[in-house]
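The values are calculated or read from the model by the stated rules, or taken from the named source; none is laboratory data. Values in this document were obtained by computation on a predicted structure and should not be read as measured data. Neighbour counts are summed over all protein chains in view; Cβ atoms, including those assigned to glycine, are modelled from backbone coordinates with ideal geometry. Heavy atoms of the whole protein, side chains included, go into the accessibility calculation; ligands, DNA and RNA do not. Shrake-Rupley method; radii C 1.70, N 1.55, O 1.52, S 1.80 Å.
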Amino acid sequence: MSSTSASASVPVPVPVPVLAEVVRSGFVESRHRGSLVILAADGSVERALGDVTTPVFPRSSNKPMQAAGVLRAGLDLSGERLAIAAASHSGELFHRDLVRRLLAEHGLDAGQLQCPPDLPLDPVEQETYLASGAVRDRIAMNCSGKHAAMLAASALRGWSLSSYLDPDHPLQKLIHRVVEEMSGERVAAVGTDGCGAPLMAITLTGLARAYRSFVLADPGSPERRVADAMRAHPEYVAGSRRPDTALMRAVPGVLSKMGAEGVQAVALADGRALAFKVEDGAGRVLGAVLGRALGAMGVPAEALGRSVVLGGGREVGEIRAVF
């Protein structure tokens, strides 16, 4: 084999650009690299930064697809109940109350949830929760709505409740198919998410394509029902003080869902979509990167606000996107 052909077979690493900087007192103290893709209304790649074709774990950005899976299994959810099935909720009282009702309506109880006990995700709610004397609880965990829906779907179909998180469980196999159909690609790997549920790896391009598929799906289809419920009830998808909620309230037709480890996916009503991942998993830059990406798509993102840096309790800088 010639040296030319040998070198041609070696994949060339894709440079990962800086997406955001942390500026303190006029000095850049941190930089966060990542990859981002923007799809045009026809589904073609309009802009790509970094590596958007290598699979990543979308983390909770997969939740709309998991919610569509429970609908395909036959579970009849709508409104706030369907929104919280696709949620990374803040653990506010209205979230916890709805999860309890969802379980009770299907003859289930919190003891059957297999997500780990946790504190509310929202810092303000967490302080109130702890001050009341409450302790870590499965209902308070941000994925409890998804787990309640998975249990309810399994109970409806007569599937095992004790193994509903097993990748070979009928419900998880169904969700696996939804992920592949909506993303237009094969799942590259299956891992375990922070809540214990199976986690399917796809590319950022596939993730953006999936969100595009949800907003453009036929009315009444499982995917469109999930998108419509999330957009109608964003406070149940996230919480009272969360960027996903603010964005879906401010911009008509937007579907938005963050994921842990610096992942975000968004689709607009016309089929344009974006997805990105911050390489080091820093969630603190999501707002700045998302705001810049939406701005590039002509979408105002004032609702996201500025990401400020504090010093001594006052603003001394900001987190800013640099692409």
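What to note about this one:
- Taking 0.36 nm per residue of sequence separation and removing the Cα-Cα distance, the V16/R241 pair yields an extension gain of 77.9 nm.
- Between D218 and R33, the modelled labels are 4.5 nm apart [label points 7 Å from Cα along Cα→Cβ].
- What a 1.4 Å probe finds exposed on the chain is 52% carbon and sulfur by accessible area, rounded to a whole percent.
- Shape call, the chain: gyration tensor on alpha carbons, a/c limit 1.5: oblate
- Cα gyration tensor shape for region 214-290, rounded if a/c is under 1.5, else prolate or oblate: prolate
- Per residue, region 72-144 exposes an accessible area of 44 Å² to a 1.4 Å probe, with every protein chain left in place.
- FRET efficiency for the R157 to L130 pair, using the beta carbon distance and R₀ = 35 Å, is estimated at 0.35.
- Taking the charge dipole of the chain about its Cα centre, with +1 at Lys and Arg Cβ atoms and -1 at Asp and Glu Cβ atoms, the residue from L199, L102, G271 reaching farthest to the positive side is G271.
- If R0 is taken as 41 Å, the Cβ-Cβ distance between S44 and V316 corresponds to a FRET efficiency of 0.45.
- The chain: calculated mean residue ellipticity at 222 nm from DSSP helix runs of at least 4, using -39500 (n - 2.57): -11000 deg cm²/dmol
- Taking the centroid of alpha carbons for each part, region 197-242 and region 28-80 are 8 Å apart.
- Dimensionless Rg over Rh [region 186-323; C-alpha; Kirkwood]: 0.98
- Within the chain, the longest segment free of exposed loop sites, counting trypsin sites (Lys or Arg not before Pro) that fall outside DSSP classes H, G, I, E and B and have at most 15 other Cβ atoms within 10 Å, spans 1-135.
- Net lengthening on full extension, S78/D166 (0.36 nm per residue, minus Cα-Cα): 29.1 nm
- Over region 204-293, accessible surface divided per residue gives 31 Å², non-protein components excluded, 1.4 Å probe.
- What the Cβ-Cβ distance of D270 and D109 gives, at R0 = 45 Å and to the nearest 0.05, is a FRET efficiency of 0.55.
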